[in-house]
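Notes to accompany the following structure.
The values are calculated or read from the model by the stated rules, or taken from the named source; none is laboratory data. These numbers come from a predicted model, not from an experiment. Every residue, glycine among them, receives a Cβ derived from its backbone with ideal geometry; neighbour counts consider all protein chains shown. Note: areas computed on protein heavy atoms with side chains; ligands, DNA, RNA excluded. Shrake-Rupley method; radii C 1.70, N 1.55, O 1.52, S 1.80 Å.
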Amino acid sequence: MFWNRVSSFILANRVFILVVVFLSTLFMGYQASQVKLSYELAKILPVTDPEFQRYESFKAHFGQDGNVMVLGIESDSMYQLAFFKDWYALSQTIKRIDGIKDVVANASLYDIVRDDTAQTFRIVPLVPRPITTQAGVDSVRERIARLPFYRGLVQDSTGRAHLMAITFDQKELNTKNRIAIVRHVEAVADSFGRAHALTVRMSGMPYIRTEFTAKVSQEMGLFMGLAFLVTAVILFYFFRSMTVVLTALAVVAVGVIWATGYIVLLGYDITLLTGLIPPLIIVIGVPNVIFLLNRYHEELNRECSKVNALAIATSKVGETTFFANVTTSIGFFVFYFTASPLLLQFGLVASFGIMTTFVVSLVLIPVIFSYLPTPSPKMRAHLDRRQINGFLSWVDHVVHHRRAAIYLFIAFVTALSVLGALRINAIGYVVDDLPKNDPIYTDLKFIESRFKGVMPFEVSIDTKRAGRVLTPQTLTKIRLLEREVDTYAEFTRPLSLVEAVKFFYQSYRGGDPKYYALPGALELGRLAAFLPKQRPGATGGNTASNFKAYLDSTRRYTRVSFQMPDVGTVRTTQLLNELQPKIDSIFNIDRATGKRVAPDEQYDVRITGNSVVFTKGNDYLLENLAESTILAILLVSVILIILLRDIRLSLIAILPSVVPLIVTAGIMGLFDIHLKPSTILIFSIAFGISSDGTIYFITKYRDELRSGQLTINEAVSRTIRYTGLSMFYTAIILFAGFAIFTASTFQGTVALGILVSITLLMGMASNLILLPAFLLTVDQRRKKDEL
């Protein structure tokens, strides 16, 4: 038999195996030491998705959106000399930080002045140098009030809340340097806040992403420590042996090293999901050790020698744990087929890590314990614990004599869970994984309440012809677009070429605010004579360089930028569905005839940006939830068919692992836990791990029947007695192991930990009670059919 040969090979080549494992782990350890955190936005959508490709095209033309960090304060003292001087000094200090491209605040704004002598416009700072008098501050305040371009951008309508927008250099946005830049900005901003006894609120995508990355890094170490601690405590309680504890932890530590090494070898970085893999490997890997040691101790109790006991344990448990780890890997590997880079990486690395940990456990446990003294009867006493054996005896009694009650209870719970599952809401927010009292969340809500929001919402415009952007026709259409979007309360004032043209026209007409408007075609031609003749962005100066972000060199592509609050994926989808047809109509429907313009006159105008990509990614994950879970169920069913050689019985055997998923969905609905990227993972992962119990039970049950000396009733009872103990130990380890994720600051990770823990505990009970009840019922019906 294959597994007997594997067992013999392991025990006959102990030194060779130790050397190979040591050297290969040394290599993987070196790879693991090179692991890096990901500083890019999470890539949820597949690279072939049209929305992803559209966003990548947008970034290729204009750079990445979401590159602005904002500081917000609330004070009545802004236009008092001392305060304004410090606010100006803060803006200048931040502007000098390497990696900062520009700073916009009411102390660092620009005005446009018409120069008739040179027949051009001059862009001049409102505050060219530190102001020394209150009259100077009052003058700046009056000049800002006459510049509608900045209305709502640097201060709110009450005049009490003030904003400083800090634009990051695109080259630093997705690198490790971003963290140092954000920390530097934080330090000087906090210093300003302390000096004036006020709170400086911080937000914007660079800040949010940096804080998320820092939390992921911190929590990875926290979860690793908790996983080792929890498993060590539970193992010691069960086995009362430090040798077992240290050996088990050493074995799973090797698995962790390999899993982390895979991240590097596959060219991936640590993300919010891949950061969970090391503690997951610890929690999932320990059951391999438990089953091997329990069977080893059982064989010793049957008077086997140490070598024979290890050989039998390795061959018998090797097959069981192989199929169990395959089913667990399936729960993760199905994410590979989503084509989502974020989930693909997580699923691939996790499944590789799980199977590697199985192999390491299978070879190291017998090798290590072959060198250790034979465990004493006292060390094997855990097999005869009165409480656990009493529980298993009760299970055996219920399964044989109370099956109707079992089915009635399961039917009631399942029906209640289905009703709860119907109440599940599928909605995600950019920062809803954070507690409501987290500074990131509270600062974002402060900014949203005063300035509407910081989430990018972009309209990308392809005019289809070079030079067409600055035509009166295109500018008029952009103005109509802005007016349409302005009817929605969620959006800030836009930033666009139209707004810039309005600013220039106001200056052209002497600075009167009433001329902050888009001029007619004739006036636009006169205005053009004063505009720089060189390509926008070729000259120095902040405003000139900013044209690059709104106009490409061919003047074919442009954008209109809005900001919005974190309104959630449901509302964002509603806005997209309403606005996209309206925008298309503005650009491509002839207002006179009501018909679509000729193809060569059409524009390609699409809504994109961080908010849109996040929403589409969330929707994509939801669409793949059912597919990945069904695929996992089908693949595990195939394994059960291979083991049982009975299709009907295999399909029945899968039900005990499906019921906990239905109950989990019910809990989510009843307790208003939303379906979102962090909680979508629960179902296929929990199913993959829960089905381990099915495999453990079925393989032992099959072995008992193979002897030919037992009835099905007796085989079920022996399986409950001998496999039930290991299943109980494993369930406690998995429950406590996943419960460590409740220590996370990310609410989605907390929900993942709680729900998977509950699901796995229910899975153990279901496989230990419902599965044998099914087996006995099927046998009973077969006997009736034979009569």
- Can you name the residue in segment 68-120 that is in contact with a Gly (Cβ under 8 Å, 6 or more places away or on another chain) and closer than 23 Å to Glu40 by Cα and, of all such residues, is most open to solvent (accessible area, probe 1.4 Å)? Val68
- Message: Just to verify a result, which residue in segment 353-380, among those that are farther than 18 Å from Phe291 by Cβ and assigned to a helix (DSSP H, G or I), is least open to solvent (accessible area, probe 1.4 Å)?
- Response: Gly353
- Note on the structure: Exactly one of Ser744, Ser726, Ser717 is touching a Gly at 6+ places or on another chain (Cβ under 8 Å) and farther than 17 Å from Ile685 by Cα, and that residue is Ser744
- Query: Taking Phe671 and the conditions (1) buried (at least 20 other Cβ atoms within 10 Å of the Cβ); (2) without any contact (Cβ under 8 Å) to a residue 60 or more places away in the chain; (3) farther than 25 Å from Ala227 by Cα; (4) within 27 Å of the chain's Cα centre (by Cα), which numbered condition does it fall short on, given that it satisfies the others?
  - Reply: (1)
- Query: Restricted to segment 207-237, and to residues that are touching a residue at least 60 places away in the same chain (Cβ under 8 Å) and either polar (S, T, N, Q) or farther than 30 Å from Glu40 by Cβ (or both), which residue is most open to solvent (accessible area, probe 1.4 Å)?
  - Reply: Ser217
- Message: Just to be sure before I move on: is Arg240 on the phi > 0 side of the Ramachandran plot and in contact (Cβ under 8 Å) with a residue 40 or more places away in the chain in the structure I sent?
- Response: yes
- Query: Based on what the data block shows, is Val597 over 30 Å from Arg450 (Cα atoms) and crowded, with 20+ Cβ neighbours inside 10 Å?
  - Reply: no
- Message: Tyr296 - would you say it is more than 20 Å from the chain's Cα centre (by Cα) and buried (at least 21 other Cβ atoms within 10 Å of the Cβ)?
- Response: yes
- Query: Under 9 Å by Cβ, and 6 or more places apart or on different chains, what pairs join a residue from segment 774-786 that is touching a residue at least 24 places away in the same chain (Cβ under 8 Å) and at negative phi with one that is assigned to a helix (DSSP H, G or I) and of a type in the set (Lys, Arg)?
  - Reply: Phe774/Arg403; Leu776/Arg403; Thr777/Arg403; Val778/Arg648
- Query: Does Thr158 count as hydroxyl-bearing (Ser, Thr, Tyr), open to solvent by 20 Å² or more (accessible area, probe 1.4 Å), assigned to a loop (DSSP other than H, G, I, E, B) and under 27 Å from Phe457 (Cα atoms)?
  - Reply: yes
- Task: Please state which one of Ala107, Ala135 is small (Gly, Ala, Ser), outside any loop (DSSP other than H, G, I, E, B) and more than 25 Å from Leu531 (Cβ to Cβ).
- Result: Ala135
- Of Ser460, Ser449, the only residue that is within 30 Å of Leu71 (Cα to Cα), buried (at least 20 other Cβ atoms within 10 Å of the Cβ) and hydroxyl-bearing (Ser, Thr, Tyr) is Ser460
- Task: For Lys477, state whether it is open to solvent by less than 60 Å² (accessible area, probe 1.4 Å) and of a type in the set (Lys, Arg).
- Result: yes
- Given the conditions (1) surrounded by fewer than 17 Cβ atoms within 10 Å (Cβ to Cβ); (2) under 30 Å from Ser77 (Cβ atoms); (3) not hydrophobic (A, V, I, L, M, F, W, C), every one holds for Gly204 apart from (1)
- Going by the structure shown, is Asp65 surrounded by fewer than 18 Cβ atoms within 10 Å (Cβ to Cβ) and acidic (Asp, Glu)? no
- Task: Considering each residue of segment 554-568, count those that are crowded, with 23+ Cβ neighbours inside 10 Å and polar (S, T, N, Q), and give that number.
- Result: 2
- Query: Within the group Asp396, Asp438, Asp433, which residue is of a type in the set (D, E, K, R), under 30 Å from Leu71 (Cβ atoms) and buried (at least 18 other Cβ atoms within 10 Å of the Cβ)?
  - Reply: Asp433
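Quick test for you: out of Gln80, Gln31, pick the one residue that is within 30 Å of Thr133 (Cβ to Cβ) and either touching a Phe, Trp or Tyr at 6+ places or on another chain (Cβ under 6 Å) or touching a residue at least 24 places away in the same chain (Cβ under 8 Å) (or both). Give the steps one after another, and end with the answer.
Numbers: Gln31 fails: within 30 Å of Thr133 (Cβ to Cβ).
Checking each option against the conditions leaves just Gln80.
Within segment 45-62, which residues are aliphatic (A, V, I, L, M) and open to solvent by 20 Å² or more (accessible area, probe 1.4 Å)?
Val47, Ala60
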